[in-house]
Amino acid sequence: MKEIISIADIRLLVDTFYSKVREDELLADIFNGVIKDKWPQHLEKMYRFWQTILLGEHTYYGSPFSPHAHMPIDARHFEQWINLFYATIDELFEGEKADEAKWRAKKMAEMFLSKIEYYKERDSKPLL
């Protein structure tokens with residue numbers, strides 16, 4: 001077990017997590033259906049996102065919610081996403097950044113779910 005301190009650690013986290021997502025009974029069809037053959041690009045974006053969040057190295061530019069706004073997902077998908085993310089962190093890392101990664105992932109999932117439900121209830125789209 002080690003701490004998250006470098007981009008190599010971020011890559012290990014992201015690659016391990018998304019390998020689980022790509023095989024998950026609930027999430028695989030959704031992610032593979034949206035991302036299709038663009039997994040290398042998606043993973044690169046996720047490296048930059050978590051590098052920015054956890055290491056304070058600002059390499060991610062974008063709006064993380066927009067691609068998720070009209071996906072066919074609900075609370076059970078977010079719950080499974082969090083379960084896989086936590087399991088990945090717990091098997092690979094320990095320490096302050098590992099705890100922060102779990103906390104931030106949980107908050108992001110809560111916010112994304114809230115916004116998705118908001119837009120579904122109003123049959124509207126977010127500003128991009």
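Bear in mind these aren't lab numbers, they're just calculated from the coordinates by the rules spelled out. What you are looking at is a predicted structure, and each value in this text was computed from that prediction instead of being measured. Note that each Cβ is placed from the backbone with ideal geometry, even for glycine, and that neighbours are counted across all protein chains shown.
Observations on the structure shown:
- Dipole of the chain, positive direction: furthest Cα of G95, Y60, F17, with charges on the beta-carbon: Y60
- Size of the chain as Cα extents on the principal axes (Å, biggest first): 45, 31, 27
- Percentage relative contact order, region 7-122, counting C-alpha pairs under 8 Å, at least six apart: 28 percent
- Degrees, to the nearest 10: 7-21 long Cα axis against longest axis of the chain: 50 degrees
- Relative protection proxy for 90-98, 56-64, from highest mean packing down: 90-98, 56-64 (other beta-carbon atoms within 10 angstrom).
- Here's the list of lysines a cross-link from K36 could span, going by alpha-carbon distance under 28 Å and ignoring same-chain residues fewer than 8 apart: K20, K45, K102, K106, K107, K115, K120, K125.
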